[in-house]
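K.L.:
Below is the structure I would like to discuss, written out as structure tokens.
The values are calculated or read from the model by the stated rules, or taken from the named source; none is laboratory data. Since the structure is predicted, the reported quantities are computational estimates derived from the model, not experimental observations. Cβ sites come from the backbone with ideal geometry, for glycine too, and all protein chains shown count toward neighbours.
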Amino acid sequence: MARGCTREPREILGTNGCNEAVALGLQAVTRPGDTVVLESPTSFGFLQILEALHLKALEIPTHPRHGLSVDALALALQTQPVRAVLAVPTLSNPLGASMPLAERRRLALLLAAHQVPLIEDVIYNDLAERDEHRRAVKSFDTEGWVMLCGSFSKTVAPGLRVGWLEAGRHSTAVRRLKAAFSGGHTPVLELAMAELLNQSGYVTQLRKLRQAIAPRIAEARALVAAHFPRGTKVTDPSGGIMLWLELPGGIDSLALFKACLDEGICIAPGTMFSATDRFRHCIRLSVGSGWGDVQRQAMRRVGVLAGQLAAQGLKQAA
Ligand SMILES: Cc1ncc(COP(=O)(O)O)c(C=O)c1O
């Protein structure tokens, strides 16, 4: 799993997927109205959790390749009342960014110095191409400020809802919350999962999964280059299942989303991934749930529809 640190089974709390682990971690260290730092763009699910817990989102610039800006975070910690940081340092959603090792270390030290907890979501670490990207920020945490969480939703099956949380110095608080809200963890399910992992050769399966996904991403990028309007920018993630596209000419991703939906194609408009409107010209594409001629044709079609919207925009501007 997340490399670079070893944990005892008793330190790990089983959760209903990764999102519950994130929610428990946040509830343990915040009160309604508190400010939580997020990557920008960030996972749609995180924004929903923050909204449900009445927390304020402070979005920090995030590089499409190197992830969260530790410099910008350092500034935010000096100027804002940040109560927690929630981040996906490996293959962030939706950018697919992975923080370099040195930045992971800097992040752990910075947060320890400010005594601010980090909820580190490692749900995609096993899909990373490079070992250094699989290493968790938690491995640099000597004082328990990092809460590590993940699940098997992206590597075994989303419907299992088997996740986990190692909450460091906040472990008593998260266990109390878990017991209060759902009567505790699900040992039978967790034992079944452990059995499955032992039997199936999880590490071999992961290698196969990564080998299956990498050509899909390469092909999807080639389709973007061939069929999307000139000036479209696309990420080049080192692993994972997502591509993030910046569309040219003020194309409105919500208009594109609607046009695609009319044709039975589902894309994720950039507006989903921020509490602000700054990613309105962006979309996220995922190759995680299957890849074949249907998906290839859908991608070509999204490109054509984006081109039509760009042309309309030009006409209106003229
Ligand atoms: C970064 C991230 N964390 C958590 C989740 C949700 O995980 P789970 O289904 O295990 O709750 C997702 C799913 O899209 C995700 O992208």
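K.L.:
Is there any pair linking a residue in segment 12-24 that is free of Cβ contacts under 8 Å to residues at least 40 places away in the same chain to one that is assigned to a helix (DSSP H, G or I) and surrounded by fewer than 22 Cβ atoms within 10 Å (Cβ to Cβ), with Cβ under 7 Å and at least six apart or on different chains, and which?
P.N.:
Sorted first by the residue in segment 12-24, then by its partner, the pairs are Ala23/Ile49.
K.L.:
Gln205 is checked against (1) of a type in the set (S, T, N, Q); (2) over 20 Å from the mean Cα position of the chain (by Cα); (3) modelled with pLDDT of 95 or more and fails just one. What number does that condition carry?
P.N.:
(3)
K.L.:
Moving to a separate point now. Within segment 255-276, is even one residue outside any strand (DSSP E or B) and in contact with a Gly (Cβ under 7 Å, 6 or more places away or on another chain)?
P.N.:
Looking through segment 255-276, none of the residues is outside any strand (DSSP E or B) and in contact with a Gly (Cβ under 7 Å, 6 or more places away or on another chain).
K.L.:
Ok, one more. Name the single residue, out of those in segment 14-39 being within 14 Å of the ligand (Cβ to nearest atom) and in a strand (DSSP E or B), that is surrounded by the most Cβ atoms within 10 Å (Cβ to Cβ).
P.N.:
Out of the qualifying residues, it is Glu39.
K.L.:
Looking at the structure I just gave you, is Val137 near the ligand (Cβ under 9 Å from one of its atoms) and of a type outside the set (Phe, Trp, Tyr)?
P.N.:
No, not satisfied.
K.L.:
Hey, can you tell me all the residues within segment 257-276 that are under 30 Å from Leu209 (Cβ atoms), hydrophobic (A, V, I, L, M, F, W, C) and out of contact with any Pro (no Cβ under 6 Å at 6 or more places or on another chain)?
P.N.:
Across segment 257-276, the qualifying residues are Cys260, Leu261, Ile265, Cys266, Ile267, Ala268, Met272.
K.L.:
Based on this model, can you work out whether Leu95 counts as more than 12 Å from the ligand (Cβ to nearest atom), modelled with pLDDT of 95 or more and not assigned by TED's automatic domain parsing to the domain that holds Phe273?
P.N.:
No, not satisfied.
K.L.:
Among the residues of segment 49-70, is there at least one that is surrounded by 16 or more Cβ atoms within 10 Å (Cβ to Cβ), free of Cβ contacts under 8 Å to residues at least 24 places away in the same chain, more than 16 Å from the ligand (Cβ to nearest atom) and over 25 Å from Ala180 (Cβ atoms)?
P.N.:
yes
K.L.:
Now a separate question. Which condition number in (1) within 14 Å of the ligand (Cβ to nearest atom); (2) part of a helix (DSSP H, G or I); (3) not β-branched (Val, Ile, Thr) is the one that Leu148 fails?
P.N.:
All conditions are met except number (2).
Residue-by-condition table, conditions (1) of a type in the set (Lys, Arg); (2) out of contact with any strand residue (DSSP E or B) (no Cβ under 9 Å at 6 or more places or on another chain); (3) surrounded by fewer than 17 Cβ atoms within 10 Å (Cβ to Cβ):
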position	(1), (2), (3)
Ser151	no, no, no
Lys178	yes, no, no
Thr186	no, no, yes
Ala194	no, yes, yes
Ala212	no, yes, yes
Val224	no, no, no
Thr235	no, no, no
Ser238	no, no, no
Met242	no, no, no
